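Shown next, in structure tokens, is the structure this report addresses.
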Amino acid sequence: MSESSINNSNPVTLSAYIEGIGLIGPSFNDWPSSQPLLTGKQPYQPSKTVLPPPLLLPAAERRRSSDIIKLSLAIMVEAMNAAEVDAASLPSVFTLSNGDGYNCHAINAMLASDDRQISPTRFHNSVHNAAAGYCSIATGAMTPSSVLCAHDASFGAGLLEAMSQVNVDQTRCVLVATDTNYPEPMYSVRKIYDSLGIALVLAPEPSPQTLAKITLSITDAVADQLPDAALEAIRLSIPAARGLPLLAAIALGKPVSVVLDYLDDSRLALTVEPIERQPC
């Protein structure tokens, strides 16, 4: 991460204004309390992710919801509340690197047993857009929703998709990037050890709720690492955490440039311009 003069040598291809942020992960309970951890103002002490109950869902759906649904809904609602937008009115982009590991494990275990009667709840939670569907039920949204999967590049792919929608359609969009942990034996080949999710409400124009303006282009520069070893371990271990350097840049509250991991031969170059919220 480096201080930016705002005149990026890379050609600016997309821009958007961040109006709301949601964050849950290991020791991250929400965006406001996580900012001192990301900037080094408070020491980071790893602890397991705590997922709040999905209280916006009807009772039946609440009982059926998996960790990835709880995580997606919690960060989405936090970001939308911070942006002061109507959740039912926003298009959405959901991005995740694999899906619900525990649910897939349970289905695989059942198929490998003598009793192959798959639970209907397990089955409908196994589809890749389950979190998007549950969130639309919780918020009453009838707006378009895109669901992406790009393995370790999923955060970058989701950010590109959401910013493209903002620029082309000139409308707000909420990005929801999540990953949840895997049980054995899947964990031995996909070592995602805990849950983490990042949500961003992106807008085409500034508003009283704007936190920062971001501009994005493609680069072959090396991705930024987080200075704290424990935070860097999270960034490398959980694909959704590839977005943490962007959140750290926003939390700094000054113009900076940051490079995020994306593909093997290309990364995302971002400039971050903080915008102080105006009092009501």
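How big is the dipole moment of the range 19-208 about its Cα centre under a simple scheme where the beta carbon of each Lys and Arg is +1, that of each Asp and Glu is -1, and everything else is neutral? Debye, nearest 20, please.
Working: 11 positive and 17 negative charges, 83 e Å.
About 400 debye.
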Using a cut-off of 13 Å between beta-carbons, work out the net charge of the residues near LYS191 (Lys and Arg +1, Asp and Glu -1, LYS191 not included). -3
Amide H to amide H, which residues 5 or more places from ALA212 or on other chains are under 5 Å from it, using H placed in the peptide plane? ILE18, ILE275
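Roll a 1.4 Å probe over the protein chains and send me the accessible area per residue for the chain in Å². Display every interim value, and only then the final one.
Working: 12550 Å² over 280 residues.
Here the residues of the chain average 45 Å² of exposed surface.
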With bins of 10 Å, the percent of all Cα-Cα pairs of the range 148-280 per bin from 0 is 12, 41, 34, 11, 2, 0
Provide MET110, MET80 ordered by accessible surface of protein heavy atoms (probe 1.4 Å), highest first. MET110, MET80
What whole-number volume per residue, in cubic angstrom, does the convex hull of the C-alpha atoms of the chain give? 129 Å³
Can you list which of the DSSP-assigned H helices in the chain have a Cα extent of 20 Å or more along the long axis and an average Kyte-Doolittle score of at least 0.0? 67-83, 154-169
Summing -39500 (n - 2.57) over the DSSP H runs of n ≥ 4 in the chain and dividing by its residue number, what mean residue ellipticity at 222 nm do you reach, to the nearest 500 deg cm²/dmol? -10000 deg cm²/dmol
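As a test of reading the structure, rank VAL147, VAL259 by solvent-accessible area (1.4 Å probe, protein chains only), most first. Mind showing how you got there, number by number?
On the way: VAL147 45, VAL259 25 Å².
Reading off the accessible areas and sorting them downward yields VAL147, VAL259.
From the protein chains alone at 1.4 Å, what is the descending order of accessible area for ARG63, ARG242, largest first? Write out the running numbers ahead of the final one.
Working: ARG63 185, ARG242 25 Å².
Descending accessible area places them as ARG63, ARG242.
For SER119 and GLU232, what does the FRET efficiency come to when R0 = 45 Å and r is the distance between their Cβ atoms, rounded to the nearest 0.05? Provide the component values of the computation, followed by the final result.
On the way: r = 39 Å, r/R0 = 0.86.
Plugging the Cβ-Cβ distance into 1/(1 + (r/R0)^6) gives 0.70.
May I ask for the longest run of the chain untouched by GluC sites (Glu not before Pro) that are loop-located per DSSP and have at most 13 neighbouring C-beta atoms (other than their own) within 10 Å?
Numbers: sites that count: GLU84, GLU276.
Of all site-free stretches, the longest is 85-275.
Which entries of LYS191/LYS213; LYS48/LYS70; LYS213/LYS254 have Cα-Cα distances beyond 22 Å here? Could the numbers behind the result be given before it?
Numbers: LYS191/LYS213 34 Å; LYS48/LYS70 15 Å; LYS213/LYS254 11 Å.
In this structure, LYS191/LYS213 lie more than 22 Å apart at Cα.
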What is the spin-label model distance, in nm, from ASN29 to ALA60 if the labels are put 7 Å beyond Cα along the C-beta direction? 3.5 nm
Counting DSSP beta bridges with both ends in the chain, the antiparallel % (nearest 5): 80 percent
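The values are calculated or read from the model by the stated rules, or taken from the named source; none is laboratory data. From a predicted model like this one, the values you see are computed outputs, not experimental measurements. Cβ atoms come from the backbone with ideal geometry, glycine included; neighbour counts cover every protein chain shown. The accessibility values were calculated without ligands, DNA or RNA, using every heavy atom of the protein model including side chains. Shrake-Rupley method; radii C 1.70, N 1.55, O 1.52, S 1.80 Å.
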